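Everything on this sheet refers to the single structure shown next.
The values are calculated or read from the model by the stated rules, or taken from the named source; none is laboratory data. Computed from a predicted structure; not experimentally measured. Don't worry about glycine lacking a Cβ; one is built from the backbone with ideal geometry, like all the others, and counts go over all protein chains shown.
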Amino acid sequence: MIALNPARPGYSTVSPYLFVENLEQQLEFIKMVFGPEITEPVRINPDGRVDLKIGNTSLVVRKTNEAWPGRTSTLYVYVKNINETYVKAMGANAVALFGPVERYNGDLECGFEDNSGNLWICAKFEKQLSQDEMMERLKNLGISSS
């Protein structure tokens, strides 16, 4: 028996869905920082949402309303160039959480908050580390693995 993908074609199984007060401002931020593909523009969607694709992940952004009030989210996004992404975010008036840094697992990461209060943690895979190497890095940082 062949298992069927329950998601719509072109969508990931889990897709972030952002409800924001200012849809246009949020879209401009996402465009400036991530350069997404708009897969379903607001003009053709009767419920006022925009469907985007960042890399291989679908993202839905919708204006809040009485039935669907705004909530903040935290998104973890892998990017091609961590420094460039961080600079773009700062240029789009994001609030810096932390600048590009190598993490214990070998990934480069940065973090920022957008104008809707959403947190974006961006990463770039740099090198595969063994479990022992990661534990050693944690130990050097003074973090217990237990």
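In region 8-29, of all residues being assigned to a loop (DSSP other than H, G, I, E, B) and modelled with pLDDT of 85 or more, the one that is surrounded by the most Cβ atoms within 10 Å (Cβ to Cβ) corresponds to P16.
To keep it simple, each residue is scored yes or no on (1) at pLDDT 90 or above; (2) under 15 Å from the mean Cα position of the chain (by Cα); (3) over 30 Å from E126 (Cα atoms); (4) surrounded by 13 or more Cβ atoms within 10 Å (Cβ to Cβ).
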{"residue": "M1", "(1), (2), (3), (4)": "no, no, yes, no"}
{"residue": "K31", "(1), (2), (3), (4)": "yes, yes, no, yes"}
{"residue": "I44", "(1), (2), (3), (4)": "no, no, yes, no"}
{"residue": "V60", "(1), (2), (3), (4)": "yes, yes, no, yes"}
{"residue": "G70", "(1), (2), (3), (4)": "no, no, yes, yes"}
{"residue": "V101", "(1), (2), (3), (4)": "yes, no, no, no"}
{"residue": "Y104", "(1), (2), (3), (4)": "no, no, no, yes"}
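Every condition in (1) out of contact with any Asp or Glu (no Cβ under 8 Å at 6 or more places or on another chain); (2) of a type in the set (G, A, S); (3) closer than 30 Å to I44 by Cα holds for S130 except the one numbered (3).
Quick grid of which residues meet (1) in contact (Cβ under 8 Å) with a residue 24 or more places away in the chain; (2) basic (K, R):
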residue: E24; (1), (2): no, no
residue: K31; (1), (2): no, yes
residue: E37; (1), (2): no, no
residue: V42; (1), (2): no, no
residue: V50; (1), (2): yes, no
residue: R62; (1), (2): yes, yes
residue: P69; (1), (2): yes, no
residue: N81; (1), (2): yes, no
residue: E84; (1), (2): no, no
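Here is a check on your reading of the model: is E126 within 26 Å of V60 (Cα to Cα) and touching a strand residue (DSSP E or B) at 6+ places or on another chain (Cβ under 8 Å)? For E126, the condition - within 26 Å of V60 (Cα to Cα) and touching a strand residue (DSSP E or B) at 6+ places or on another chain (Cβ under 8 Å) - is not met.
Among residues of region 112-139 that are in contact (Cβ under 8 Å) with a residue 60 or more places away in the chain and closer than 30 Å to E21 by Cβ, those with a beta-carbon under 8 Å from a residue that is acidic (D, E) and surrounded by 13 or more Cβ atoms within 10 Å (Cβ to Cβ) at least six positions away or on a different chain give the pairs S116/E21; W120/E113; W120/D114. Within region 128-146, the set of residues being surrounded by fewer than 10 Cβ atoms within 10 Å (Cβ to Cβ) and modelled with pLDDT of 85 or more comprises Q128, S130, Q131, D132, N140.
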